[in-house]
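Chemist: One structure coming up, written as structure tokens, with questions to follow.
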Amino acid sequence: MQFPNDGTARMFVVQQGGAIRIAANGSLVPAPFLDITAKVDTGGEKGLLGLAFHPQFPQNHLFYVHYDRIFGGQMESVIAEYQVSASDPNLADPNSERIVLTQVQPFANHKGGQIVFGPDGFLYIGFGDGGGGGDTLGNGQNLQTLLGKMLRIDVDNRSGGKQYAIPPGNPFAPPAGLPEIWSYGLRNPWRFSFDRSGGRLFCGDVGQDKYEEIDILQSGANFGWHTMEGMHCYNPASGCNMSGLTLPIVEYDHTEGEAVMGGFVYRGTAIPTLVGTYIFGDYISGTVWQLKEAPAGTWTRTKLLSTGRNLSSFGQDVAGEIYVVDYSGSVLKLTAQ
């Protein structure tokens, strides 16, 4: 779910099947904002997975989506640009699509999903390792593929025959690595967000067999998959080479949950005790945790609540308040007890 900073207080909720709905003034707008179900390949971990509003959305009315499709018999992930209809701000123009980037997918899982504009104005895209199990193709550590990476692109310009440009400062260039890559060694960065104060990029990277992790992503950093799962050796199971790897700021094992849902650093005013705290959860267990940093570089994880729900995402409104998205179709707001 996303909230455009356009003064309308509208809430946009992405539905996996291919529609985006708007809630305004406490009610669901009857017509979908965008409905691309006819072109979306959905089911399991596939579908319409992400939404991001351009930083200049109030002026240019552009937004971006991340979805899966079948094209020429091949599974693909698509990053596409759309524009709002000129006649109705609650309707997108379905014919305005500009495909910005595509990525062939070898398996039906580990698609990533989130797309976010950073404080630098560039679009960050999380792609999973391509799926299967255990990263059998070795994509996480391969700098010649976009899979298993966090990407950073400039959607406002085009170069090299592509529908985007490479921002200055991206850490890799051919032949060492693809220029879109910003960081790597990720398994399935399903949900990530920038802290509105300080700009750090927090990412929940879904684990394999034993561990879930939260990372603070940085330019050029290698977060270890599939050499490591969380803070532990994965391939090989012991004695792995950890040199040059950036470890998570926190991990938890599968006795507490099995699919981490990255959230947001709380910057609202309704719950003063949570200000500056990173809020995240788990899809399977329904647990929501808070993660506090004190002193710098030392993180303490505390259980905030048990929801009993399948948490598929979090949202943060313009005021910094946090919402929880339940996969069964509910949106709930985090409030003081």
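Chemist: Equivalent ellipsoid semi-axes for segment 163-234, as square roots of 5 times the alpha carbon gyration tensor eigenvalues: give them largest first, rounded to whole Å.
Modeler: Ellipsoid semi-axes (Å, largest first): 23, 17, 10.
Chemist: Straight-line reach from residue 46: which lysines have Cα under 16 Å away, leaving out those fewer than 8 places along the same chain?
Modeler: Those lysines meeting the cut-off are 111.
Chemist: Which percent of the accessible area of segment 15-154 is formed by carbon and sulfur heavy atoms (probe 1.4 angstrom)?
Modeler: 52 percent
Chemist: Heavy atoms only, probe 1.4 Å: what % of the accessible area of segment 265-337 goes to carbon and sulfur, would you let me know?
Modeler: Roughly 52 percent of what the probe reaches on segment 265-337 is carbon or sulfur.
Chemist: Using alpha carbons only, how many angstrom separate the centre of segment 291-337 from the centre of segment 128-180?
Modeler: After rounding, the separation between the Cα centres reads 30 Å.
Chemist: Could I ask something else about it? What translational D, rounded to a whole number of µm²/s, comes out for segment 1-116 from Stokes-Einstein when the hydrodynamic radius is the Kirkwood one over Cα pairs, at 25 °C and 0.890 mPa s?
Modeler: Once the numbers are plugged in, D ends up at 170 µm²/s.
Chemist: With a point put 7 Å past each Cα toward its Cβ, work out how far residue 95 is from residue 307 in nm, to one decimal.
Modeler: 3.9 nm
Chemist: Can you give the FRET efficiency for residue 162 and residue 318, using 1/(1 + (r/R0)^6), R0 = 30 Å, r = Cβ-Cβ distance, to the nearest 0.05?
Modeler: That gives a FRET efficiency of 0.40.
Chemist: Still on this structure, please answer the following. Chymotrypsin sites (Phe, Trp or Tyr not before Pro) within segment 271-333: which are DSSP loop residues with at most 15 other Cβ atoms inside 10 Å?
Modeler: 327
Chemist: Continuing with the same structure: Measure off 7 Å from each Cα along the Cα-to-Cβ vector at residue 5 and residue 231, then give the distance between these two points in nanometres to one decimal.
Modeler: 3.5 nm
Chemist: So for segment 1-89, averaging the separation of alpha carbon pairs under 8 Å that are six or more residues apart and normalising by length, what relative contact order in percent results?
Modeler: Value for segment 1-89: 20 percent.
Chemist: Still on this model: How large is the accessible surface per residue of the chain, computed with a 1.4 Å probe and reported in Å² as a whole number?
Modeler: Ligands and nucleic acids excluded, the figure is 41 Å² per residue.
Chemist: For segment 141-283, rounded, prolate or oblate, judged on the Cα gyration tensor with a ≥ b ≥ c (square roots of eigenvalues), a/c < 1.5 rounded, else prolate if a/b > b/c?
Modeler: It is oblate, given that a/c is not under 1.5 and a/b is not larger than b/c.
Chemist: Further question on the same structure: Calculated from DSSP H runs of 4 or more alone, at -39500 (n - 2.57) each and per residue, what is the 222 nm mean residue ellipticity of the chain, nearest 500?
Modeler: Counting only the DSSP helices, I get 0 deg cm²/dmol.
Chemist: For segment 77-116, just list the percent of Cα-Cα distances falling in each 10 Å bin from zero outward, please.
Modeler: For segment 77-116, the pair-distance distribution reads 24, 38, 29, 8, 0.
Chemist: Could you give the nm distance between label points at residue 242 and residue 294, where each point is 7 Å from its Cα heading toward the beta carbon?
Modeler: The answer from the label model is 2.8 nm.
The values are calculated or read from the model by the stated rules, or taken from the named source; none is laboratory data. What you see is a predicted model; the values in this text were computed from it and never measured. Note that each Cβ is placed from the backbone with ideal geometry, even for glycine, and that neighbours are counted across all protein chains shown. Please note that ligands, DNA and RNA were not included when accessible areas were found on the heavy atoms of the full protein model with its side chains. Shrake-Rupley method; radii C 1.70, N 1.55, O 1.52, S 1.80 Å.
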